[in-house]
Amino acid sequence: MKYRLLGRTGVWVSEISLGAMTFGGKEHPVYRTHGALGQEEVDRIVGTALAAGINFIDTADVYADGESEELLGRAIAQHRRKVVLATKLMAPVGPGPNDQGLSRLHVMRALEDSLRRLKTDYVDLYQIHNYDHMTPIEETLSALDDAVQQGKVRYIGCSNLAAWQISKALGISALHNQAKFVANQTHYSLLSRDAERDLVPMAEDAGLSLTVWQPLVGGFLTGKFDRGGVSTEQDSRRARNGFDFIPFDEEKGFTVLAALRTVAARHEVSPARVAIAWLLAQRAVTSVIVGARKLEQLTDNIAASDLILTEQDLTELDKVSRPPIAYPNWIQEQFAPTRIPAGNLA
């Protein structure tokens with residue numbers, strides 16, 4: 001396993017991280033289709049991840065109505081100091097009007113509830129799960145800073161925010177000398193390269209880590225689905241759900257998948273392993289979050305850390321997946337060289 005710095009913190013995290021969305025939810029109307037793993041299975045998954053060198057584990061209070069945190073807390077109880085533990089808040093966790101969002105009231109309640117479920121005194125990375133348009137970001141950042149000052153949170157981060165929202169938050173934190181975001185969790189894959197337009201340049205400029213969720217696009221990039229969305233493995237997440245959570249052009253998806261299979265055959269590995277290795281080769285990516293229902297899925301995903309793609313591999317995958325350059329990026333690229341004067345500058 002290789003390790004990369006979490007933003008500018010000096011904390012090293014594994015470039016493959018473990019996602020806990022498959023933990024719990026056997027009776028839940030939504031999460032029962034994501035894995036619904038029980039304690040014994042969670043213990044095996046977590047134990048395998050730790051043995052492979054993974055030290056970064058991510059969950060959220062909303063996963064299986066908090067059961068994911070409970071199961072994970074038990075699984076890492078004897079290994080807490082080895083784990084950089086991340087969780088998230090914002091989504092509804094109850095029926096009340098204040099059981100969601102990013103108000104000071106909910107931030108403080110949600111953190112205490114997560115600490116209790118995780119059976120720990122602190123969270124290493126506490127992340128807002130989305131943008132709350134109802135709450136001033138100043139209020140949220142102040143509450144998060146208080147949690148850091150209290151020692152209940154080591155670092156703060158965000159997920160699913162636009163680049164301008166993150167930049168605004170970083171500016172406010174700097175203005176008030178508060179704890180600032182050190183990481184951004186975003187969706188990024190060979191089928192969803194929107195992050196390259198603004199989020200990746202922003203992360204590089206601000207020194208933010210980029211952690212990636214759903215690198216396999218709900219399992220599509222494993223190559224186990226036909227054009228009707230039917231899986232060759234009937235217990236797969238996509239086959240059971242009957243719909244795609246992540247929107248993408250399916251025809252383009254199969255074009256990308258064909259190139260992915262070609263590269264995978266060249267290396268004699270799975271398409272999934274290549275898809276994750278491609279992300280690890282991209283600018284600004286710190287860690288790719290993988291979730292698994294089965295040990296063989298996890299071990300195959302972890303092996304992506306050892307797969308080094310060639311220039312030919314990267315070129316072929318880029319050619320079939322590259323999105324059009326958005327404005328103003330294309331015009332800035334055209335004019336960037338014109339400022340370099342001709343002649344000898346010495």
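Once a ≥ b ≥ c are taken as the square roots of the eigenvalues of the Cα gyration tensor of region 92-194, is the result rounded (a/c under 1.5), prolate (a/b larger than b/c) or oblate (a/b not larger than b/c)? Taking the square roots of the gyration eigenvalues as a ≥ b ≥ c, region 92-194 is rounded.
Determine the alpha carbon to alpha carbon distance for each of 82/168; 152/294; 2/152; 252/294; 26/119 and list only those over 30 Å. Kindly include the intermediate steps, with their values, before the conclusion.
Numbers: 82/168 33 Å; 152/294 33 Å; 2/152 28 Å; 252/294 28 Å; 26/119 21 Å.
Long pairs (Cα-Cα over 30 Å): 82/168; 152/294.
Based on C-alpha pairs under 8 angstrom that are at least 6 apart in sequence, the chain has a relative contact order of 17 percent. Measure out, as a whole number of angstrom, how far apart the alpha-carbon centroids of region 21-66 and region 185-213 sit. Spelled out, the Cα-based centre of one part sits 25 Å from the other. The accessible-area ordering, largest first, of the residues 90, 1 stands as 1, 90, per a 1.4 angstrom probe.
Given the DSSP H assignment, sum -39500 (n - 2.57) over each helix run of at least 4 residues in the chain and divide by its residue total; what's the result at 222 nm in deg cm²/dmol, nearest 500? Present the calculation step by step, with values, prior to reporting the outcome.
Values: 12 runs with 130 residues, N = 346.
Using -39500 (n - 2.57) per qualifying helix, the result is -11500 deg cm²/dmol.
Under 1.5 on a/c is rounded, so check that first for the chain, then, if it is not, pick prolate when a/b is larger than b/c and oblate when it is not; a ≥ b ≥ c are the square roots of the alpha carbon gyration tensor eigenvalues. Before the final figure, lay out each step's value.
Values: a/c = 1.62, a/b = 1.08, b/c = 1.50.
In terms of gyration-tensor shape, oblate.
Report for region 1-93 the percent antiparallel among DSSP-assigned beta bridges with both residues inside it, nearest 5.
Numbers: 3 of 9 bridges.
Restricted to region 1-93, the bridges split so that about 35 percent are antiparallel.
Between 334, 282, 165, the residue with the greatest mean-square fluctuation in the GNM of the chain (Cα pairs under 10 Å linked by springs) is 334. Comparing 331, 54, 246 in a Gaussian network model of the chain where C-alpha atoms under 10 Å apart are linked, the largest mean-square fluctuation is found at 331.
Within the listed set 106, 34, 79, the Gaussian network model of the chain (springs between alpha-carbon atoms below 10 Å) gives the highest mean-square fluctuation for 79. Shape annotation for region 21-145: C-alpha extents along the principal axes are 42, 33, 20 Å, from largest to smallest.
The values are calculated or read from the model by the stated rules, or taken from the named source; none is laboratory data. None of these values were measured; they are calculated from a predicted model. Note: areas computed on protein heavy atoms with side chains; ligands, DNA, RNA excluded. Shrake-Rupley method; radii C 1.70, N 1.55, O 1.52, S 1.80 Å.
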